[in-house]
Amino acid sequence: MNDLRNLLKQNVGYIMTGRPAIAWVVSVIMVLTFDVMWCGVTTFRAMSFVPTYLFALLAATLVSAPAAMAPRRPWLQLGLWLIVAGVMAANIMYFRTYFTAIPASGYLMAGNLIDFRSSVADSFSATDLLPAIEAVAGYVAMRRLPAGRRVVAQWSAAVGVTCFLAWVSSLPYGGVTEHVHALKQECYYANCPPAIYTLAGPLAVELTTRTKAVTPRELNDVAEWRAEHDKRYPAPDPDSLMPRRRSLVIVFLESLETWPIGLEIEGQKVTPFLDSLISAPTTTYVPNLVTQVGAGRSIDAQLLMLAGMLPMEGDVAAMSRPDNTYHTLPKAMKAAGARRTYLLTGDKAGVWNQARFARSFGIDSLLDAGNWTMTEKIGNPPKLADGALFSQTAEKMKAGEIFPEGESAYVHIVGYSGHNPWMIPRERQSLHLDGTYPPKFADYLTAVNYVDGALRPLIGYLISRSDSDDMMIAITGDHEGLASYRKAMCADAATASIVDRTEHTPLIILNSPAPGVYGQEAGQVDVYTTLVNLMGLRDYPWRGMGVSVTDPTHPGSAVGRDGTGSRDPHFIDARRISDIIIRHNLLDEADKMAE
């Protein structure tokens, strides 16, 4: 018994206090330090997952291998630590620029950094050195202890235990691969995987789930669909295209639906400013625009209306294919001679991978949350209110900081204040409803009314410019807003005759060369083709997968709409065809397909 007690004391005591213990503790600290650093740039939501901590223990156990196998050579442990610390720092710096962890292929192109030394230096922060400092401190601590002996068996057992615990912790989420894929489709969780599963987890998922090569049948299906689409809706004669406008301004309003427009309730107009714009003699109004977004919501709206493509099936293009080749309105404007392309948003550039996606869409200048003064906040968590965003945008334009008068440009502005749960501060409210309504009805209308008023200084300024005749302005909603509240509102006697049972968003085009009201149903995917035609962008080859509402042969339904949309097989198959094109990055072949 004494011999067993001494044996346990010698082994357990050494493992708990010797060099392997120091190496393991320091490795845990390094991994958790990286997690905190990563979350500091993105979101701390990752710290609420159990796998974050169990995978940190697994990673630490693996990284402490040199101390367990070669305790007399602490420099081996230091070397591995510094490599790990370097990878951590590189990923943090990469994320600050590209809003993602370094992809597998990126590690093979480190030499390209020579051409971007200034960008690398600009993305560096002193906090990036923390893991390396911890590594050096751990090395010093190890050197102060006796070398001891190897504990390979004990280390192997620890690897087995931590691996099992980490694996079990991922099962409630469907396993590591399924959870990583699911997180990447979520707006505020998309950048969490490197913290939850360490950098190695998402990298392993990427390497083991590479997209299969496009099949000959898929290529044939795409070619046949495009040929059929062009046969049904041929490109207009160049002589029949509208006079070209030099500038295009598009305003996306969060969750704006059509039914509140023109609505008067309790003696109050909900959208007096939008009503005045719609009644103008040079306005094209499309009230029945079906929202067609998928899991990507707001970012899918940009894919639909700015690139003329339908959302992917079970994936989000901005997350899984942000660096694809896309043919877009910004690029069409550049091809037509536009000097600059702008994206202005009150949100962070990392949300929905906006920065990378915008770059692929041809955006030159991105002004996100950090470029505005937070004079007015709305929402939870609070974001820059549309009133502040739109008024500051007008001021920057007047000052010539962006889109100076006379410049030919594409300008995309994204408002956020219409986002659920529609928490407009009382002092900002102009609409006051006293009746008894279903939950969120009054809140939604109050938010729409607020956004309507917030638009006035921006649109008023744009219309007053000396170059306004050469400018077209499009105002639209990014997607429907009511979601699960719609059913209750449509069933309530007080609101059933008011609320639209279908998910429609408006498209309002100011200074249109083809004014009028298009009352039939159209789809968000039609917006791209419509604006290409109205802008007179006759030389841009990609016409999108929709149909211009100005085309007299428009089908009166949304291409690619699910459920109650057209039963035309050509329309029904559009979503699958778009998915193939995006998944395999086939847009380089778009011109050939359109021939």
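Some points to look at:
- Among the conditions (1) over 30 Å from A295 (Cα atoms); (2) in contact with a strand residue (DSSP E or B) (Cβ under 7 Å, 6 or more places away or on another chain); (3) surrounded by fewer than 16 Cβ atoms within 10 Å (Cβ to Cβ), M423 misses just one, which is (1).
- Residue in the stretch 365-388 that is in contact (Cβ under 8 Å) with a residue 60 or more places away in the chain and within 16 Å of the chain's Cα centre (by Cα) present: no
- Verdict on E257 being surrounded by 23 or more Cβ atoms within 10 Å (Cβ to Cβ), of a type in the set (D, E, K, R) and touching a Leu at 6+ places or on another chain (Cβ under 9 Å): yes
- Only one of the numbered conditions (1) open to solvent by less than 40 Å² (accessible area, probe 1.4 Å); (2) more than 20 Å from S156 (Cβ to Cβ); (3) among the β-branched types (V, I, T); (4) at pLDDT 95 or above is not met by T100, and that is (4).
- Here M319 passes the criteria (1) of a type outside the set (D, E); (2) closer than 30 Å to A104 by Cβ; (3) touching an Asp or Glu at 6+ places or on another chain (Cβ under 8 Å); (4) open to solvent by 20 Å² or more (accessible area, probe 1.4 Å) except the one numbered (3).
- Test result for A358, open to solvent by less than 40 Å² (accessible area, probe 1.4 Å) and either out of contact with any strand residue (DSSP E or B) (no Cβ under 6 Å at 6 or more places or on another chain) or not in a helix (DSSP H, G or I) (or both): no
- Matching option when the condition is part of a helix (DSSP H, G or I) and closer than 19 Å to H479 by Cα, among T505, T530: T530
- Of the criteria (1) over 19 Å from R246 (Cβ atoms); (2) at pLDDT 95 or above; (3) out of contact with any Pro (no Cβ under 6 Å at 6 or more places or on another chain), which one R340 fails: (1)
- Within the stretch 281-292, not a single residue is touching a helix residue (DSSP H, G or I) at 6+ places or on another chain (Cβ under 7 Å) and without any contact (Cβ under 8 Å) to a residue 40 or more places away in the chain.
- Index of the failed condition, G201 passing every other in (1) under 23 Å from the mean Cα position of the chain (by Cα); (2) open to solvent by 60 Å² or more (accessible area, probe 1.4 Å); (3) modelled with pLDDT of 90 or more: (2)
- Those residues of the stretch 326-355 which are open to solvent by 30 Å² or more (accessible area, probe 1.4 Å), out of contact with any Leu (no Cβ under 9 Å at 6 or more places or on another chain) and not in a strand (DSSP E or B), in sequence order: K331, K334, G337, R339, K348
- Of all residues in the stretch 479-494, none are within 27 Å of G296 (Cβ to Cβ), at pLDDT 95 or above and in a loop (DSSP other than H, G, I, E, B).
- Residue within the stretch 251-265 that is over 21 Å from V532 (Cα atoms), touching a residue at least 12 places away in the same chain (Cβ under 8 Å) and not in a loop (DSSP other than H, G, I, E, B) present: yes
- Criterion: within 26 Å of M93 (Cα to Cα) and either modelled with pLDDT under 60 or of a type in the set (K, R) (or both) - qualifying residue of R45, R5, R19: R45
- Total residues in the stretch 426-459 satisfying the condition of being in contact (Cβ under 8 Å) with a residue 24 or more places away in the chain, open to solvent by 20 Å² or more (accessible area, probe 1.4 Å) and farther than 15 Å from A385 by Cβ: the figure is 8.
- Lone qualifier among T495, T529, T502 - being open to solvent by 10 Å² or more (accessible area, probe 1.4 Å), among the β-branched types (V, I, T) and in contact (Cβ under 8 Å) with a residue 40 or more places away in the chain: T502
Condition check ((1) crowded, with 24+ Cβ neighbours inside 10 Å; (2) among the hydrophobic types (A, V, I, L, M, F, W, C)) across all residues:
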residue: A280; (1), (2): no, yes
residue: Q292; (1), (2): yes, no
residue: G296; (1), (2): yes, no
residue: M312; (1), (2): yes, yes
residue: N324; (1), (2): no, no
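The values are calculated or read from the model by the stated rules, or taken from the named source; none is laboratory data. Everything quoted here is computed from the prediction, not taken from an experiment. Don't worry about glycine lacking a Cβ; one is built from the backbone with ideal geometry, like all the others, and counts go over all protein chains shown. Side chains are part of the model used for accessible areas, which takes the heavy atoms of the whole protein and leaves out ligands, DNA and RNA. Shrake-Rupley method; radii C 1.70, N 1.55, O 1.52, S 1.80 Å.
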